[in-house]
1. Which percent of the accessible heavy-atom area of the range 4-210 goes to carbon and sulfur, probe 1.4 angstrom?
2. Leu175 versus Ser151, label points 7 Å from Cα toward the beta carbon: distance in nm?
3. Using the alpha-carbon atoms, what tilt in degrees (0 to 90, nearest 10) does helix 54-65 show relative to the longest principal axis of the chain?
4. How much net charge surrounds Phe54 when only other residues with a Cβ under 11 Å from its Cβ are counted (Lys, Arg +1; Asp, Glu -1)?
5. Picking from Leu126, Phe172, His19, whose Cα lies most toward the positive end of the charge dipole for the chain (charges on Cβ: Lys, Arg +1; Asp, Glu -1)?
6. Calculate, in nm to one decimal, what Phe112 and Asn97 gain on full extension: separation in residues at 0.36 nm each, minus their alpha carbon distance.
7. Quick check for me: using +1 on Lys/Arg Cβ and -1 on Asp/Glu Cβ, what's the dipole size of the range 1-126 about its Cα centre, in debye to the nearest 20?
8. Once you list every other residue whose beta carbon is under 12 Å from the beta carbon of Phe145, what net charge do they have if Lys and Arg are +1 and Asp and Glu are -1?
Amino acid sequence: MPRRLGILGGTFDPVHIGHLRIAEEAMETLGFDEVVFVPVALPPHKPERNVLSFENRWRMLQLAIADNPRFRLSDIELRMPGKSYTVNTLKRLHKENPGAELFFLVGCDAFFEMGSWHEFRDIFGLACIVVLYRPECDQAEILAFLTEKVSGAYEPVPGTCQIRHPRLCSVFQLLNTRLDISSTMIREMIGAGRSIRYLVPDTVWSYIGKNALYRRDAGRPPFELARDGDA
Ligand code: ATP
Ligand code: MG
């Protein structure tokens, strides 16, 4: 049997339990040998805001996956020149893992944006796509998207979550636990002085705290309790 690798690409700014849980559930359901986390070096789609340094995002991922021997971290996008395009990352991953079957994990939000990704049609020949609930996702919509944007020859395999194609790789819809958590939400909560404990692994929570990441008010306590006598 060829090795099956799940690939989870993302900005991971910061990594949170939503990312870890989808990796775990996809690995279990689809029988991956490993899940490779691939942090984006230069995000092509996020020019509108400052993304935290690669080093900080990498360190948090290292802490987050440290206790799972089947989770691996790849600096492949740092090693490739220019913008990080998924199509190039997948080609490179095939070279570095000869004979492996690749399964690219993607939340529904990102899946329906794939039509704007660089050489996106090629992606569907390089890896099976695993679409994750975030929070909802309809198989009919996934099929309509594939038919319109990629090829008219996709068809669902009855009674399963697989959508098959005669030449391209299959697309799977994972019936994963809905965890309505995003990095944006975490950054905003920290900015507002709120606790993010238990939304990220403890080690990541400590790292963010120690390094005062994402804080608008570095140096001030997150909020002050009203004292007796205050109005
Ligand atoms: P941001 O809010 O900054 O976009 P994010 O939480 O979406 O951050 P990304 O690094 O952009 O995290 O996501 C990487 C991949 O993980 C994407 O495919 C995204 O759809 C998926 N993903 C992230 N969080 C979840 C979640 N809670 N449930 C399902 N998929 C998720
Ligand atoms: Mg996102």
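The values are calculated or read from the model by the stated rules, or taken from the named source; none is laboratory data. Small disclaimer: the values here were computed from a predicted structure and weren't measured. Ideal geometry is used to build each Cβ from the backbone, glycine not excepted, and the neighbour counts take in all protein chains shown. Areas reflect the complete protein model, heavy atoms only, side chains present, ligands, DNA and RNA absent. Shrake-Rupley method; radii C 1.70, N 1.55, O 1.52, S 1.80 Å.
1. 51 percent
2. 2.7 nm
3. That works out to roughly 80 degrees.
4. Result for the neighbourhood of Phe54: -2.
5. Working it through, the farthest residue towards the positive pole turns out to be Leu126.
6. On the way: separation 15, 0.36 × 15 = 5.40 nm, distance 2.77 nm.
Extra length from Phe112 to Asn97 when fully extended: 2.6 nm.
7. So the dipole magnitude of the range 1-126 works out to roughly 320 debye.
8. Computed value for this residue: -3.
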